[in-house]
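K.L.:
Have a look at this one before I ask anything.
Please treat every number below as a calculation from the coordinates, not as lab data. Here the structure is a predicted model, which is why all the values come from computation and not from measurement. For neighbour counting, all protein chains shown are included, and Cβ atoms are generated from backbone atoms with ideal geometry for every residue, glycine included.
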Amino acid sequence: MNSLIEAIMYYYDLRPNSVEQLGKISRIETDHGLFALKETEIDRLRADEFIHAIRKLAKMNFNQFIPVIPTKFGEYTLFAGNKTYYLMPWIEPLEYAGRISMEEVLSDHMGIIHRMTVKTQTASKEMLDHSCERLLSRWELHALELSRFADQAEMKGYISPFELSFLTHYGMVEQLSQAASHHLEKWYEATLEKGSYRSVLTHGQLSRQHAMPTADNELLLLNFEQASLDTPARDIASFCRRGFPFALWSEDEVFRWFNRYQQHLPLLDPEKHLICAYLLFPEPIYYAVQDYQNGGNEFELVQKLEKRIIAMRKVQRLVPKLAPTEIEEEPTSHQ
């Protein structure tokens, strides 16, 4: 029996009879039932924000999440070394068999959370400049590294299959970066003119990996470890990126997510531009290149890159329907 787990469970007045390790979750059997102990690396500040988020949701009577159990001393997280632990009731994994997609149900949950927690905040020029500069400096750094990778590949006598695939589509990568910056500019101008923006409680990494189906095909959310007060656009864009592979690239399916979400909180035009900016920037391509540079199975890395290129091409087609701008409307007007 793991002595650390025994020590942690002491704080809950529970004695483990058996422990099964399932990645970062320990399935613990006790005389008082089954429990899931999660090990994570979040720091104290992030742990406080996480617990604040789920307590806020409970207070607002949003119950579609797996609760965190407090210790006998009223604490929700425990720290040991550089790890953070928290306890939940064990939920037996079930297959989801609902009529609508898991992503549509999650869009519904996200819309409810955002509607319940939405607040209008003042948007000063200084705050907007700082937000844009921080995002643009990260994008510029990533775009520069992609450009450097393209230059280095072109100078080689032998170009690897991965480099060849990347160079073939590098023109699209540059277009995506420019389009992302354009939508960010649209968001900046509209928000500056309005003088306000909306903040909500965001999950931070909402996806089917962080949802547990129940016997009646509802979904319970889990892993609010990255929860924070932020613009709804970041949560939606992050959710879409994670959900696209399960949509089988049906635009109708993606628009169902947006429609389901907007039944709770209709999106403002500046928010649509910000969602498009996040979706368009070729971050997935950047991380595929990083993986390649770290070494690995070339065949698998090429497959990963090509899947992401196809996904970004589909995002390119999707975005003009979400938030039309003159930049995207030009090509269709010349056909």
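K.L.:
Check the straight Cα-Cα distances from Lys83 and name the lysines below 18 Å, setting aside those fewer than 8 residues away within the same chain.
P.N.:
Partners within reach: Lys24, Lys38.
K.L.:
Also: Can you compute the modelled spin-label distance between Leu248 and Leu141, with each label point 7 Å from Cα toward Cβ, in nm?
P.N.:
The answer from the label model is 4.1 nm.
K.L.:
Further question: Sum -39500 (n - 2.57) across every DSSP H segment of at least 4 residues in the chain, then divide by the residue count to get the 222 nm mean residue ellipticity, nearest 500.
P.N.:
Theoretical 222 nm ellipticity from helices: -18000 deg cm²/dmol.
K.L.:
Taking 2.2 N^0.38 Å as the expected size of a compact globular protein, what ratio does the Cα radius of gyration of the chain give against it, to two decimals?
P.N.:
Scaled against compact globular proteins, the figure is 1.12.
K.L.:
Would you mind telling me which residue in Ser147, Ser238, Ser207 has the biggest mean-square fluctuation in a Gaussian network model of the chain, where springs connect alpha carbons within a distance under 10 angstrom?
P.N.:
Ser147
K.L.:
Direction-averaged shadow area of the convex hull around the Cα atoms of the range 109-159, nm²?
P.N.:
6.5 nm²
K.L.:
Also, quick follow-up: Using Cα centres only, tell me the gap between the range 199-254 and the range 72-148 in whole Å.
P.N.:
Between the Cα centre of the range 199-254 and that of the range 72-148, the gap is 9 Å.
K.L.:
Going down the list Lys59/Lys119; Lys56/Lys119; Lys125/Lys194; Lys272/Lys304; Lys59/Lys272, which pairs span over 22 Å between their C-alpha atoms?
P.N.:
Result: Lys272/Lys304; Lys59/Lys272 exceed 22 Å.
K.L.:
Take Ser26, Ser160, Ser181 and order them by how many other Cβ atoms sit within 10 Å, fewest up front.
P.N.:
Lowest to highest Cβ neighbour count: Ser160, Ser181, Ser26.
K.L.:
With each label point set 7 Å from Cα along the Cα-Cβ vector, what nm distance links Val118 and Arg148?
P.N.:
Placing both labels 7 Å along Cα→Cβ, they lie 4.2 nm apart.
K.L.:
Counting alpha carbon pairs within less than 8 Å and at least 6 residues apart, what relative contact order, in whole percent, applies to the chain?
P.N.:
It comes to 19 percent, rounded to a whole number.
K.L.:
Where does the range 64-165 land on Rg/Rh, using Cα atoms and the Kirkwood Rh?
P.N.:
1.16
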